[in-house]
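Report on the structure given below.
The values are calculated or read from the model by the stated rules, or taken from the named source; none is laboratory data. All of these numbers come straight from a predicted model, not from anything done at the bench. Cβ coordinates were reconstructed from backbone atoms using ideal geometry, including for glycine residues, and neighbour counts include every protein chain displayed.
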Amino acid sequence: MAQTFDYDLMVIGAGSGGVRAARKSAEFGVRVAVVEESALGGTCVNVGCIPKKLYVYASEYGRAWREAQGFGWLGERPTFDWSTLRDNKSKEIARLNAIYERLLAAPGVDILSGHGRLINPHEVQVGDQIYRTKHVLLATGTWPNMPEIPGAELAISSNEVFDLPQLPDRILIIGGGYIATEFAGIFNGLGATVVQSYRGALFLRGFDSAVRHFLAGEMRSAGVDLRFDHHVHSLARNHSGAITAQLSDGAETFDAVLSATGRRPNVTDLGLENTGVTLTDKGYIAVDNEFRTSDPAIFALGDMTGGWELTPVAIAEAMAFSQTQFGQQPTLADYDNIPTAVFSQPPIGTVGLTEEEAVAAGHQVTIYESSFRPLRHTVSGVEERSLMKLVVDAASDRVLGAHMVGADAGEICQGLAIALRIGATKADFDRTIGIHPTAAEEFVTMRTPRD
Ligand code: FAD
Ligand code: NDP
């Protein structure tokens, strides 16, 4: 007897990857439903990229006001109101949630609200309904990892940080990755006292070491109390309601503690035990290069598969998945030269190999590096400096990596990513006319290699 299915594809998780896969697959004419237990748009829209960037913007105005005085803008400094920012952020996210709903509805995707749980590889339970589906796509993302220390329940994660009832006067941020470093800048810019605690010798593991050292110096001079080789042993609520943290250098009191200690795949009560899906040794969903899990009916993509945890990567994977499975256009996701930015203050932009990676891969490298005071700060009075670095393969002259710390680094490195993708050489960079006066022109005017 032929099997009957309610859907050709059920996507569990309406985040960056799930929404794109659902929309694109429906456009190819297959019957699609997406299951979402929280808000449409997932981590990026609701508690990630979007609110984070809005808070970065908010936090930059305080310094902009100070800088403006050097340019002749005088007068009283306005005060910052956390609840205005928080509520305007929430309004914008509600607007985006509605847009996502329309984007899914347009090609005919059914939105099923609730927790999705696999009963077997072809049946998904949502609430008290069971749906039969030919294929399942898992795109349930990741969830914050909290440190295993006494009192860890007193710490918040990035899920809660945007909706704090008020701006903390003193905040402890645990971690040395993207989230910890971005929020250190946000809270510092908004006027809080910030201690960022990182367990290793230098934060932002995996980034170019020149970038890591440079950013640490800039953040410290901007007022962040950055502590390396530093540990948080325990947290406890004290009699005044604040949190006392036992740190490797003594006890201190904070109004809030943000843990940004990485994320783990979101597979809670997903019913994987009822399927043939297997996990990698780090607990991510194991997939091949077409996003097939070890169960023939089930695919997975995005953060939960343990690759680059970035929205554009989840979207690229979703496009490749839909085109391959339903569009008769076999496509592999391309992970070469993925650009990324840390929206720290100042921000990092980067694409391609770090100096350390290039050397480890056997390249003989020539390094071009420049640090300078941006024009704006010659009058603003702010001491901030920028760093630019090119990693060049000495044999072929090909630019292997471009790295920057400084204003608009993400915007600048997006363009450089195209140059690296098409194999630009250092001579191509040198032949390119700069745009003057910009910071970005430094990338095409560096002529003397570092010793
Ligand atoms: P997600 O977007 O996490 O979506 C998963 C969805 O599945 C969620 O909506 C969840 O509610 C739902 N779900 C889970 N389990 C179930 C279930 N059983 N049933 C139903 N629904 C379920 N990336 C960038 O590129 N740039 C940035 O600036 C950036 N900033 C970030 C800032 C923060 C604070 C964080 C946490 C992340 C940030 N990221 C950023 C990473 C980015 O958010 C992720 O890479 C991206 O959201 C991954 O998409 P995804 O589809 O894999 O999962
Ligand atoms: P990251 O993996 O970037 O950083 C986690 C940090 O926590 C590391 O410094 C790690 O240290 C530390 N850590 C891990 N476990 C512990 C522990 N038990 N105790 C103390 N410290 C610990 O994760 P994030 O949570 O910052 O962000 C998750 C991902 O989301 C990022 O990797 C990124 O892909 C994505 N993201 C992207 C953004 C962007 O594009 N701008 C912004 C925010 C997030 P160690 O290095 O020693 O392991």
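Given the criteria closer than 19 Å to LEU247 by Cα, within 13 Å of ligand 2 (Cβ to nearest atom) and in contact with a Pro (Cβ under 8 Å, 6 or more places away or on another chain), does ILE149 qualify?
no
Criterion first (of a type outside the set (Val, Ile, Thr), buried (at least 18 other Cβ atoms within 10 Å of the Cβ) and closer than 29 Å to LYS389 by Cα) does PRO312 satisfy it?
no
Quick one: how many residues across the range 192-214 are among the aliphatic types (A, V, I, L, M) and more than 13 Å from ligand 2 (Cβ to nearest atom)?
So the count comes out to 5.
So which residues in the range 422-451 are closer than 21 Å to PRO347 by Cβ, outside any helix (DSSP H, G or I) and touching a residue at least 40 places away in the same chain (Cβ under 8 Å), if there are any at all?
Passing the criteria: PRO437, ALA439, MET446.
I want to confirm something. Restricting to the range 332-366 and keeping residues that are over 28 Å from ALA180 (Cβ atoms) and not in a loop (DSSP other than H, G, I, E, B), which single residue is farthest from ligand 2 (Cβ to nearest atom)?
The residue in question is THR366.
Take the range 313-334 and flag every residue that is under 16 Å from the mean Cα position of the chain (by Cα) and without any contact (Cβ under 8 Å) to a residue 60 or more places away in the chain.
VAL313, ALA316
Out of everything in the range 27-45 that is surrounded by fewer than 22 Cβ atoms within 10 Å (Cβ to Cβ) and over 17 Å from THR268 (Cβ atoms), what residue ends up being farthest from ligand 1 (Cβ to nearest atom)?
Looking at the filtered set, the residue picked out is GLY29.
Taking the condition buried (at least 19 other Cβ atoms within 10 Å of the Cβ), assigned to a helix (DSSP H, G or I) and among the small types (Gly, Ala, Ser), does ALA419 pass?
Against the criterion (buried (at least 19 other Cβ atoms within 10 Å of the Cβ), assigned to a helix (DSSP H, G or I) and among the small types (Gly, Ala, Ser)), ALA419 qualifies.
Among ILE174, ILE149, ILE130, which is farther than 30 Å from ARG20 by Cα and within 16 Å of ligand 1 (Cβ to nearest atom)?
ILE174
Which residues, taken from the range 324-355, are more than 16 Å from ligand 1 (Cβ to nearest atom) and polar (S, T, N, Q)?
Within the range 324-355, THR324, GLN325, GLN328, GLN329, THR331, THR354 meet the criteria.
Any idea which of GLU148, GLU160 is within 24 Å of TYR284 (Cβ to Cβ) and free of Cβ contacts under 8 Å to residues at least 60 places away in the same chain?
GLU148
I'd like to check which strands (runs of 3 or more DSSP E) are fully inside the range 66-150 and have at least 2 residues that are more than 25 Å from ILE50 (Cα to Cα) and either aromatic (Phe, Trp, Tyr) or modelled with pLDDT of 95 or more (or both).
116-120, 123-126, 129-138
Just one of ARG385, ARG431, ARG450, ARG421 is modelled with pLDDT of 95 or more, of a type in the set (D, E, K, R) and more than 27 Å from the chain's Cα centre (by Cα); which is it?
ARG431
Are any residues in the range 280-324 outside any loop (DSSP other than H, G, I, E, B), of a type in the set (A, V, I, L, M, F, W, C) and in contact with a Phe, Trp or Tyr (Cβ under 7 Å, 6 or more places away or on another chain), and if so, which ones?
Correct list: PHE299, ALA300, MET304, PHE321.
Name, by its number, the condition in (1) over 24 Å from PRO51 (Cα atoms); (2) of a type outside the set (A, V, I, L, M); (3) touching a residue at least 12 places away in the same chain (Cβ under 8 Å) that does not hold for PHE183.
Tallying (1) over 24 Å from PRO51 (Cα atoms); (2) of a type outside the set (A, V, I, L, M); (3) touching a residue at least 12 places away in the same chain (Cβ under 8 Å), PHE183 fails exactly one: (1).
If you take the residues in the range 260-303 that are within 16 Å of ligand 2 (Cβ to nearest atom), more than 22 Å from ILE315 (Cα to Cα) and touching a residue at least 40 places away in the same chain (Cβ under 8 Å), which one is surrounded by the fewest Cβ atoms within 10 Å (Cβ to Cβ)?
Looking at residues that are within 16 Å of ligand 2 (Cβ to nearest atom), more than 22 Å from ILE315 (Cα to Cα) and touching a residue at least 40 places away in the same chain (Cβ under 8 Å), I get THR261.
For the range 128-145, which positions are over 21 Å from ASN46 (Cβ atoms) and surrounded by fewer than 19 Cβ atoms within 10 Å (Cβ to Cβ)?
Once the filter is applied, which keeps residues that are over 21 Å from ASN46 (Cβ atoms) and surrounded by fewer than 19 Cβ atoms within 10 Å (Cβ to Cβ), the range 128-145 yields ASP128, GLN129, ILE130, ARG132, LYS134.
Checking ILE93 against (1) crowded, with 16+ Cβ neighbours inside 10 Å; (2) under 30 Å from ALA297 (Cα atoms), which single condition isn't satisfied?
Just one mismatch for ILE93, condition (2).
State which residue is farthest from GLN323 (Cα to Cα) when the search covers only the range 30-53 and only residues that are among the hydrophobic types (A, V, I, L, M, F, W, C), in contact (Cβ under 8 Å) with a residue 60 or more places away in the chain and in a loop (DSSP other than H, G, I, E, B).
LEU40
Here are THR261, THR278, THR268, THR293: which of them is in contact with an Asp or Glu (Cβ under 9 Å, 6 or more places away or on another chain) and polar (S, T, N, Q)?
The unique qualifying residue is THR278.
Find the residue count for the range 162-214, including only residues that are under 30 Å from THR84 (Cα atoms) and assigned to a helix (DSSP H, G or I).
Selection size over the range 162-214: 13.
Within the range 51-91, how many residues are over 22 Å from the mean Cα position of the chain (by Cα), acidic (Asp, Glu) and under 23 Å from PRO347 (Cα atoms)?
Count: 1.
Please indicate, with yes or no, whether at least one residue in the range 61-70 is of a type outside the set (D, E, K, R), crowded, with 19+ Cβ neighbours inside 10 Å and more than 16 Å from ligand 2 (Cβ to nearest atom).
No; the residues of the range 61-70 include none that is of a type outside the set (D, E, K, R), crowded, with 19+ Cβ neighbours inside 10 Å and more than 16 Å from ligand 2 (Cβ to nearest atom).
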